[in-house]
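Reviewing the structure listed below.
The values are calculated or read from the model by the stated rules, or taken from the named source; none is laboratory data. Here the structure is a predicted model, which means the values were calculated and not measured. Here Cβ is always computed from backbone atoms with ideal geometry, including for glycine, and neighbour counts include all displayed protein chains.
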Amino acid sequence: MVGFVNAGFKRSLTIQARVIGALLMREILTRFGRHNIGFMWVFVEPMLFTLGVAGLWTLLRLGHEHHIDIVSFALTGYSSVLLWRNAVNRCNLAIAPNLSLMYHRNVRVIDIFLARLVLEIAGATISLVVLSLFFISIGWMSAPADVLTMVFAWLMLVWFSVGLGLVIGSISERSEVVDRVWHTITYLMFPLSGAVFMIDWLPRALQEVLLWVPMVHGVEMLRHGYYGERVTAHYNLAYFSSVNLVLLLVGLSLARQTQLRVEPE
Amino acid sequence: MISIENVSKVYGTRHGPRQVLHDVNLTIHRGEKIGILGRNGAGKSTLIRLISGAELPTSGHVRRTMSVSWPLAFTGGFQGSLTGLDNLRFICRVYGTPIEPSIPFVEAFSELGSYLREPVKKYSSGMRARLAFALSMAIDFDCYLIDEVVAVGDSRFHEKCHTQLFEERKDKAMIIVSHNPAYIKEHCDRAAVLGNGTLQLFDRIDEALECYQSQS
């Protein structure tokens, strides 16, 4: 009996991997097309933005009093925003353009979300790695103090993005309000997400409020990994992982609910 | 074998829940051809979608121990911004069939020429129908679900589809839904009538046809 269940599970995994692979190719084709620079936009867009922000901050001479170089600060901050923002944006209203593909039994709501999440997470990760290597090699950034902590922080942010993506993606199928409100939230969260400050620089009262924002913990940890003991980072892994776990469980259950409601064209 | 056990389906509408299927039971064995007759809006397409697994029943179970196609209806099943060829690749990947050997068949059968490399949204409805049918014939299934085949296509294309389905695949199981009694009589071994959300199964086709005629 155990063997049988196991075989069924393995087979299901194979099918799901096949479906997600097919959806990935489909997303890459419609998203980046076969013309222009295609897939390279995944990291060209954040590269331009990071360069812009770094340039702006250099002109304004921000960050100098904190003994931190601007390029690395902008890169670690914006890459984190890019990760959760793009992952969630792509899950938002993801089902409608794929409804006709759901005629195929094995193409499920969760597969559509996962394919888009994989693509966005891969894009944001490539962008962070490529840009870091580039800036380090030309001497605009120093090498990170503790790569392992950075990887851990990045994985925590990935976990957060997957959970939030599943939640927003599922509820956006129920009401148009979600789409409109989500965009407003994204803009408001950008300055609050820890990308443009470090908690330690802020007054005590503000620190306490901002530490309720989950992604702040991820960004603080990422910077702790990059700058090492040059900065004082404030983050609570227990809090961040609890939020992530709740988001993931709620997201999975909402995706299951959406599967029951979905009616292929 | 496909077995449909106590399947019900309720859709949420603006006017509250609407029950489309009520406690439907049906078993299809390998190689069997079953016709399902029903008026417009009787729930034929819903039943076919539940059998294919594209939608899930509100209660009850659909069990499949053979491979089952998606509903062949000359539309649906592909994505408009992809080209015909990319849609073929997608479908081959989803069903785990090698891509390259399928291309010549789809090229020949769909007669789309260079349009196979254009986005599907640029196709005319006739071209879409040709692509849809060619794609569904590119994958080998044990059971084909056929939704109102008779409606579309010129007579020559209709003839080609007929040959592919009923001659090349005459040993396969088929479930055909239609409101056309003659079509069911020509192709099926058994038939059932769908009305008011319930399914009535008959051993002899003629009994099913009689029941269907008397409904109107």
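Please tell me if residue B:18 is exposed (fewer than 15 other Cβ atoms within 10 Å of the Cβ) and in contact with a Phe, Trp or Tyr (Cβ under 6 Å, 6 or more places away or on another chain).
So residue B:18 fits the description; yes.
Looking only at region B:88-124, count every residue that is touching a residue at least 24 places away in the same chain (Cβ under 8 Å), out of contact with any helix residue (DSSP H, G or I) (no Cβ under 7 Å at 6 or more places or on another chain) and more than 14 Å from every other protein chain (Cβ to nearest Cβ) and tell me the total.
0
For residues in region B:31-52 being of a type in the set (Gly, Ala, Ser) and farther than 14 Å from residue B:179 by Cα, which is farthest from the other protein chains (Cβ to nearest Cβ)?
B:31
Every residue in region B:194-216 that is of a type in the set (Val, Ile, Thr) and closer than 15 Å to residue B:25 by Cα, please.
Hit for region B:194-216 is B:198, nothing else.
Restricting region A:248-265 to residues that are of a type in the set (Val, Ile, Thr) and within 14 Å of another protein chain (Cβ to nearest Cβ), which is farthest from the chain's Cα centre (by Cα)?
Among them, the one singled out is A:262.
Test residue A:89 against the stated conditions and say whether it is more than 14 Å from chain B (Cβ to nearest Cβ) and surrounded by fewer than 21 Cβ atoms within 10 Å (Cβ to Cβ).
For residue A:89, the condition - more than 14 Å from chain B (Cβ to nearest Cβ) and surrounded by fewer than 21 Cβ atoms within 10 Å (Cβ to Cβ) - is met.
Within region B:53-84, how many residues turn out to be closer than 26 Å to residue B:124 by Cβ and either more than 7 Å from chain A (Cβ to nearest Cβ) or under 16 Å from the mean Cα position of the chain (by Cα) (or both)?
The number of residues fulfilling the criteria is 14.
Within 15 Å of residue B:69 (Cα to Cα), in contact with a strand residue (DSSP E or B) (Cβ under 9 Å, 6 or more places away or on another chain) and more than 14 Å from chain A (Cβ to nearest Cβ): is that true of residue B:175 in this structure?
So residue B:175 passes the test.
Kindly list the number of the only condition in (1) free of Cβ contacts under 8 Å to residues at least 12 places away in the same chain; (2) among the basic types (Lys, Arg); (3) surrounded by fewer than 17 Cβ atoms within 10 Å (Cβ to Cβ) that fails for residue B:185.
If we test residue B:185 against (1) free of Cβ contacts under 8 Å to residues at least 12 places away in the same chain; (2) among the basic types (Lys, Arg); (3) surrounded by fewer than 17 Cβ atoms within 10 Å (Cβ to Cβ), just (1) comes out false.
Looking only at region A:116-156, filter to residues that are loosely packed, with under 13 Cβ neighbours inside 10 Å, in a loop (DSSP other than H, G, I, E, B) and among the hydrophobic types (A, V, I, L, M, F, W, C); which one of those is modelled with the highest pLDDT?
A:143
Do we find that residue A:43 is away from chain B (no Cβ under 14 Å), assigned to a helix (DSSP H, G or I) and modelled with pLDDT of 75 or more in this structure?
No; evaluated as a whole, the condition is false for this residue.
Given A:178, A:250, A:213, which one is in contact with a helix residue (DSSP H, G or I) (Cβ under 7 Å, 6 or more places away or on another chain), in contact (Cβ under 8 Å) with a residue 12 or more places away in the chain and either buried (at least 18 other Cβ atoms within 10 Å of the Cβ) or under 30 Å from residue B:45 (Cβ atoms) (or both)?
Answer to the selection: A:178.
Do any residues in region B:68-84 that are more than 23 Å from residue B:173 (Cβ to Cβ) have Cβ atoms under 6 Å from those of residues that are of a type in the set (Lys, Arg) and surrounded by fewer than 21 Cβ atoms within 10 Å (Cβ to Cβ), where the two are at least six apart or on different chains, and which pairs are they?
If the second residue must be of a type in the set (Lys, Arg) and surrounded by fewer than 21 Cβ atoms within 10 Å (Cβ to Cβ), the pairs left are B:80/B:121; B:83/B:117.
Which of (1) touching a Ser or Thr at 6+ places or on another chain (Cβ under 7 Å); (2) farther than 20 Å from residue B:54 by Cα does residue B:86 not meet, given it meets every other one?
With respect to (1) touching a Ser or Thr at 6+ places or on another chain (Cβ under 7 Å); (2) farther than 20 Å from residue B:54 by Cα, residue B:86 is out only on (1).
Scan region A:192-215 for residues that are touching a His at 6+ places or on another chain (Cβ under 8 Å) and either part of a helix (DSSP H, G or I) or β-branched (Val, Ile, Thr) (or both) and jot them down.
A:199, A:200, A:201, A:207
Scanning for something over 19 Å from residue A:152 (Cβ atoms) and touching a Cys at 6+ places or on another chain (Cβ under 6 Å), does region A:169-192 turn up at least one residue?
Scanning region A:169-192 turns up at least one residue that is over 19 Å from residue A:152 (Cβ atoms) and touching a Cys at 6+ places or on another chain (Cβ under 6 Å).
Restricting to region A:95-115, what's the tally of residues that are touching a Phe, Trp or Tyr at 6+ places or on another chain (Cβ under 6 Å) and modelled with pLDDT of 95 or more?
0
Taking region B:93-114 as the search range and keeping residues that are surrounded by 19 or more Cβ atoms within 10 Å (Cβ to Cβ) and among the aromatic types (Phe, Trp, Tyr), which one is nearest to residue A:18 (Cα to Cα)?
For region B:93-114, the residue satisfying everything is B:95.
May I ask you to say which residue of A:227, A:235, A:239 is surrounded by 13 or more Cβ atoms within 10 Å (Cβ to Cβ), over 21 Å from the mean Cα position of the chain (by Cα) and more than 14 Å from chain B (Cβ to nearest Cβ)?
After applying the criteria, what remains is A:227.
Could you pull out every one of the strands (runs of 3 or more DSSP E) wholly within region B:102-212 that has 2 or more residues that are more than 22 Å from residue A:105 (Cβ to Cβ) and either modelled with pLDDT under 90 or in contact with a Phe, Trp or Tyr (Cβ under 9 Å, 6 or more places away or on another chain) (or both)?
B:190-195
Let me confirm something: among A:31, A:11, which residue is within 14 Å of chain B (Cβ to nearest Cβ) and at pLDDT below 85?
A:31
Against the definition (surrounded by fewer than 17 Cβ atoms within 10 Å (Cβ to Cβ), on the phi > 0 side of the Ramachandran plot, under 18 Å from the mean Cα position of the chain (by Cα) and in contact (Cβ under 8 Å) with a residue 12 or more places away in the chain), how does residue B:43 come out, yes or no?
Spelling it out, it is not the case that residue B:43 is surrounded by fewer than 17 Cβ atoms within 10 Å (Cβ to Cβ), on the phi > 0 side of the Ramachandran plot, under 18 Å from the mean Cα position of the chain (by Cα) and in contact (Cβ under 8 Å) with a residue 12 or more places away in the chain.
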